[in-house]
Structures are given as C-alpha cells and as structure tokens.
C-alpha cells in the first residue's frame, strides 16, 4: 500500500513540476515576442494596442495601427 502512495506522489510532483516549467516558459517567450512586436511597431511609426488576457502566462492580443499623424 505504501509503495502505491509513494508512486502516486512521485507522479503528481512530476506533473506539477512539468506544468510549472511550461507556464514559466510560455510566459517568458510571450514576453520576448511582445517586446519584439512592440519595437517593430515603433520603428514603423505605429501605435501599439496590447491587451494581456492572462497575467500568469502573458497570453495577449497585439495590434499595431498606422499612425496617421506625420
């Protein structure tokens, strides 16, 4: 009986660790992509419209509107 509890604990902790890693990696790469998109938009004289949908993973919507003011 104890062996089954130990195996279950190891599996559960592995799943939690892997899930945490995936969330952190997703957040990191989304942050990098937001930075890159923002710089490109600014270089093209655009106006950034950014909406973060999930602050944990940085899921987002990004739009670069052309700046009509010259």
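Some points to look at:
- When both the range 1-15 and the range 21-70 are represented by their alpha-carbon centers, they are found 40 Å apart.
- Our helix-only sum for the chain, with -39,500 (n - 2.57) per DSSP H run of n ≥ 4 divided by its residues, gives a mean residue ellipticity at 222 nm of -22000 deg cm²/dmol.
- Taking Rg/Rh (Cα atoms, Kirkwood Rh) as calculated from this structure, the corresponding entry among [x] 0.93; [y] 0.97; [z] 1.36 is [z].
- Computed from the Cβ-Cβ distance with R0 of 25 Å, the FRET efficiency linking residue 36 to residue 68 stands at 0.55.
- Maximal additional length on extending the residue 48-residue 16 stretch stands at 8.0 nm, based on 0.36 nm per residue less the C-alpha distance.
- For a label point 7 Å along the Cα-to-beta-carbon line of residue 55, residues of the range 9-32 with backbone N under 14 Å: none
Readers should treat all values here as calculations from the given coordinates under stated rules, not as data from a laboratory. Not measured: the values here are computed from a predicted model. Cβ coordinates were reconstructed from backbone atoms using ideal geometry, including for glycine residues, and neighbour counts include every protein chain displayed.
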